[in-house]
Every structure is written in C-alpha cells, then in structure tokens.
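Report on one structure; see the data block that follows.
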Amino acid sequence: MPTHNMQNRPKSDAIFEKAKTLMPGGVNSPVRGFRSVGGGLPVVMKHAQGAYITDEDDLTYLDYVLSWGPAILGHTHAEVVKAVQNVAESGLSFGAPTALENVLAEKVMQRMPSIELIRMVSSGTEAVMSAIRLARAFTGRHYLLKFEGCYHGHADSLLVKAGSGALTLGIPDSAGISPETAKSTLTANFNDLASVDALLEAYPNQIAAILVEPVAGNMGCVPPEAGFLEGLRERCTATGTLLIFDEVMTGFRVAKGGCQEHYGIYADITTLGKILGGGLPVGAYGGRRDIMETVAPLGAMYQAGTLSGNPLGMTAGIATLDLLDAPNTYEKLDTYAKQLVSEASKLCESHGVPVSATQVGAMFSLFFVEGGVTSFADVCKTDKAFFNRFFWAMLEAGVYLAPSPFEASFTSTCHGEKELALTLNAIDYALKKAKAS
Ligand code: KE4
C-alpha cells in the first residue's frame, strides 16, 4: 500500500537542510520540525488545493493538518483567493479604519452573540495575551487560572506549568519566563471542577479569569465532560471571575458559532484566530460590552497593532465565513469526522490496537491508549512510540497527520467519500506496519 517513499525526498530534504542554516531548527514554528515524531526530516510543502497538499518532490498527501485549522474550506478555495486578489489591488495595508473591519466584526457577532464588541489582532497568541490583560484591567485582580494540557499561544504568562503542589503558584514552562510572571498563573486539571474549586478557595477574589479551550485541541482533541463548562460558568458568575473561551481552534470549526453555540455556554471574553482569517494572519478578542469598553482608546487597557484589521485578512475571513454558511456545512463536517473515528476505531480493534477516539464537529483524535481520555493525565498514557510509527506509515500511505500525538486532526468541506476511503485504507496499512515494527 505504501505510495510515498519517505526515504527519497531529495528536494524537500535539501531545502530543509538549508532552512536549518537560516532559522532555528529550520522552522518558523517548532511543531513543524517533526521533532515530536522521532527521526526523519519534515516534509517541505509547496502547493495545496482542497483536501490535498503537495511537497517539493511532488508527492501529494491527503491533509488533516490544514494549516493547523484555518483551511476548513480546504486549501486555496477559488472564491477566497479571488476575493483576496481583488482587494489587494486596492491596497495591502492602510493602518486606518476600513469598512472591511466592520463587515467581518458583524459576521462574528451574528455567530457569537456573547461578543458585543470585538478587537481584531494578527494571531491567536496576540488575542489571548490581550484578553488576559483585559481581564486583569477590568477586574483589578491578579491571577489567571488555566488548565494543564491546554495551549493558548506563546505569551509569557501562558508558558507556565503547575507548581509542585496543586495549589502552588505556576513555574516557567519555557526558558526566558521570569518566575515572577509564572507565579501569576495557576493551573487546574481539565474536566476536574474540584481542582478549580480548590484554587478559587485558595485565592478568593484574586483570580481575574479562568481561561479554557472549551474543547481542548492542544493535547489532542479532548471534549469537555457533561457539566464541566457549565460548572466553570457558574463559578465565574458566582465569584466575579471572568470566563475566557479560547476558541482560536474551535471557533467556526465545531459549530457555526463555535463551542458557545455547540454547548450553549457563553463566555465573558472569547478569543479567535485561524479560520477567522481564512489562512491569513488574523486573530480577535471580544465579549461583553462593559468589559470591552476597558480597551483603549475607550478605556485604560492598552493594546495595538500595525496590521490589525488588515484588508487582506479581513477579506479572506469574510469570504470564508460566508462560504461556511452553505446549507448543511456543519452537519456534513460532523458526519465525516464521526464516520472516520468510528471506522478507524473498528480497524484498531481488528488489529488489536487499543484506541480512544474523540471527535467534536470537524476535529478529532485517535489516542493509542487503553480506556477513555478525559484529562491531560489520560493523554500522557498514550503510546507515543506507536504513534510515531503510525504517523510515518500514514505518510507512506499518502496521509498527512499532525506530527505529534498531542495535536488534534482537522477535516474540511473538501473531505468526502473518496478521502474517507483513502484514509481508512491508509490506517489499515499503518496499523499493520506500526505493529510489525
Ligand atoms: P497562534 O498565535 O499560533 O495564531 O495561536 C495560538 C493558539 C491559541 N489558542 C489555541 C487554542 C491554539 O490552538 C493556538 C495555536 N495552535 C497551534 C496548534 N496546536 C498552532 C500551531 C503552531 O504552534 O505552529
């Protein structure tokens, strides 16, 4: 079944060897470097169309990374590309208000009514770091509570891990983070309200916000258990703590209105990115009017950006959200991913490979682990060595998964019956090979 010789990629490898002399690790974002999947150089891509992506050696793969989420319409949708080409002829960036920002802002608010005012920025990290600053400015409180295994971008206060004890202050999870900064971030366990209560009790009226990926996507796809999000909402309302939904990944992916529509739980602040820019650099944060009126120039919380609201990004986002309005889009996305994880689980069972499959809307994960996965601790039990062998075998079979067992996989409106069949054949081959090696 292998159709792609991963040992013979002369052009890709030559380009990556050169990249390593120019950029740290040869990449502009660490996860792209394939260091989480053992040996082997990353695939250097040059072209993408629909559900497929092609590397420098003209090997084409069925893509479940989709630029880490933005390409929900598949790559290079003709109408999105055309819209961006057209608007580019009027100017690439003005650094001044444009009507396009109003259009995208309104489209977001129609989908997420909890957002009464919104600020456009240029990345998910920028959105989340601004939302945290806003929560502290609005509440006058100091601490941030996040969840182990959730990722929210690379701002200093977010590259923090739990201290030695559950109630101790955070400690740096990256070089360069000052211990003083890390101490302001408290860490609880995803799907564990008792761990949240312990921190709320230990730091009464001192926690500015609870920040959560409502469906965790950065430890693989881990959905909230029944009552978890409701419990966070209740606790935030009762204690004057702001609830921040980081929907950079889930926004417009798990439902038209993101997790807040899917689960019917509304955040005080929502952060967005990825699909919002349709592949161009766009992020945003928005929420309750009284909170957002704290943001400069209205209020005292400062945040700014040269390319915020950029006309190309706004245009790609507008075109993408409009195209996602096609009838039954989200039903089809959900059906494909449900079919995939169901059939993949059966294949794992037939090969005697333990698996826990998770899926919400157009995102899913296959965890090679016994028993269910509802927490970061569960995810850490996954057989990473098996995943590495499975990952490379899937590449040989022409399927491009995220190069880490701790990343969610994504589908698009271009993934259909043909792609499902290709994927299941590839999984059957990869399970056999991963077991044999
Ligand atoms: P960016 O700064 O990468 O646009 O967004 C940061 C971010 C914030 N919040 C969530 C929930 C996210 O998933 C992300 C970024 N996601 C990763 C993929 N797990 C981006 C891929 C990468 O780091 O290269």
Charge context of Ser404, other residues only, Cβ under 15 angstrom, K/R +1, D/E -1: +2
Could you tell me the calculated FRET efficiency between Ala326 and Lys381, based on Cβ-Cβ distance and R0 = 30 angstrom, to the nearest 0.05? 0.15
With all protein chains in place and a 1.4 Å probe, Glu225 shows an accessible area in Å² (nearest 10) of 90
Taking only DSSP H segments of four or more residues, each worth -39500 (n - 2.57), what value at 222 nm results for the chain once the sum is divided by all its residues, to the nearest 500 deg cm²/dmol? -11000 deg cm²/dmol
With an 8 Å cut-off on Cα pairs and a minimum separation of 6 or more residues, tell me the relative contact order of the stretch 263-397 in percent. 14
For the stretch 1-154, what's the radius of gyration and Dmax over Cα atoms, in angstrom? 20.2, 60
Grab the Cα-Cα distance for Ala96 and Lys418, subtract it from 0.36 nm times how many residues apart they are, and report the gain in nm with one decimal. 111.3 nm
Percent antiparallel among DSSP beta bridges confined to the chain, rounded to 5, stands at 55
Among residues other than Arg288 whose Cβ falls under 12 Å from its Cβ, what is the net charge (Lys/Arg +1, Asp/Glu -1)? -3
Where a ≥ b ≥ c are root eigenvalues of the Cα gyration tensor, a/c under 1.5 meaning rounded, otherwise prolate if a/b exceeds b/c and oblate otherwise, the stretch 243-318 counts as oblate
Phi-based couplings in Hz for the stretch 167-182 (Karplus 6.51, -1.76, 1.60; Gly and Pro marked x): 9, 7, 5, x, 10, x, 10, 7, 4, x, 9, 6, x, 4, 5, 4
Among residues other than Ala377 whose Cβ falls under 10 Å from its Cβ, what is the net charge (Lys/Arg +1, Asp/Glu -1)? -2
Volume per residue that the Cα convex hull of the stretch 132-239 spans, once the total is divided by residue count, Å³: 96
Given a 1.4 Å probe and the protein chains all in place, what does the accessible area of Arg133 round to, in Å² to the nearest 10? 90
3J(HN,Hα) from dihedral phi, the stretch 155-165, Karplus parametrisation 6.51/-1.76/1.60, rounded to Hz, x for glycine, proline: 5, 3, 6, 9, 8, 9, 10, 4, x, 4, x
For the stretch 394-410, take each phi angle, set θ = phi - 60°, evaluate the Karplus expression 6.51 cos²θ - 1.76 cosθ + 1.60, and give the result in whole Hz per residue in order, putting x for glycine and proline. 5, 4, 4, 8, x, 10, 9, 9, 4, x, 6, x, 10, 10, 6, 9, 10
Give the relative contact order (percent, whole number) for the chain; include only Cα pairs under 8 Å separated by 6+ residues. 22
How much length would be gained if the chain were fully extended between Lys18 and Met109, taking 0.36 nm per residue of separation minus their Cα-Cα distance, in nm to one decimal? 28.3 nm
Area accessible to solvent at Cys414, 1.4 Å probe radius, in Å²: 50
Bridge type composition, the stretch 78-324 - antiparallel percent by DSSP, nearest 5: 40
Using Stokes-Einstein with the Kirkwood hydrodynamic radius over Cα pairs, what translational diffusion coefficient do you get for the chain at 37 °C and a viscosity of 0.692 mPa s, in µm²/s rounded to a whole number? 147
Sequence-distant or interchain residues sharing an amide H contact under 5 Å with Leu167, placed H: which? none
Taking a crude spin-label model, label points 7 Å out from Cα along the C-beta direction, the Lys432 to Glu234 distance in nm is 5.2
Beta bridges by DSSP in the stretch 176-277, antiparallel share as percent, to the nearest 5: 10
Listed by chain and number, the residues whose amide H is under 5 Å from that of Ala209, excluding neighbours fewer than 5 places away on the same chain and using placed H, are Leu145, Leu242
Shape call for the stretch 349-437 from the C-alpha gyration tensor, a ≥ b ≥ c root eigenvalues: rounded (a/c under 1.5), prolate (a/b greater than b/c) or oblate? oblate
What FRET efficiency, computed as 1/(1 + (r/R0)^6) with R0 = 22 Å and r the Cβ-Cβ distance, is obtained for Asp197 and Ala226, rounded to the nearest 0.05? 0.80
The stretch 78-324, relative contact order in percent, only Cα pairs under 8 angstrom and at least six apart counted: 30
Size-normalised alpha-carbon gyration radius of the stretch 78-324, reference 2.2 N^0.38 Å: 1.00
Exposed loop chymotrypsin sites (Phe, Trp or Tyr not before Pro) only (DSSP loop, at most 16 other Cβ atoms within 10 Å): please give the longest stretch of the chain free of them, not including the sites. 95-301
Using 12 Å as the cut-off for backbone N distance, which residues of the stretch 105-145 belong to the label zone defined by a point 7 Å from the Cα of Glu293 along Cα→Cβ? 117
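The values are calculated or read from the model by the stated rules, or taken from the named source; none is laboratory data. All values reported here derive from a predicted model rather than from experimental measurement. In this analysis, Cβ positions are derived from the backbone assuming ideal geometry, glycine residues included, and neighbour counts consider all displayed protein chains. We work out accessible area using only protein heavy atoms, side chains counted, and drop any ligands, DNA or RNA first. Shrake-Rupley method; radii C 1.70, N 1.55, O 1.52, S 1.80 Å.
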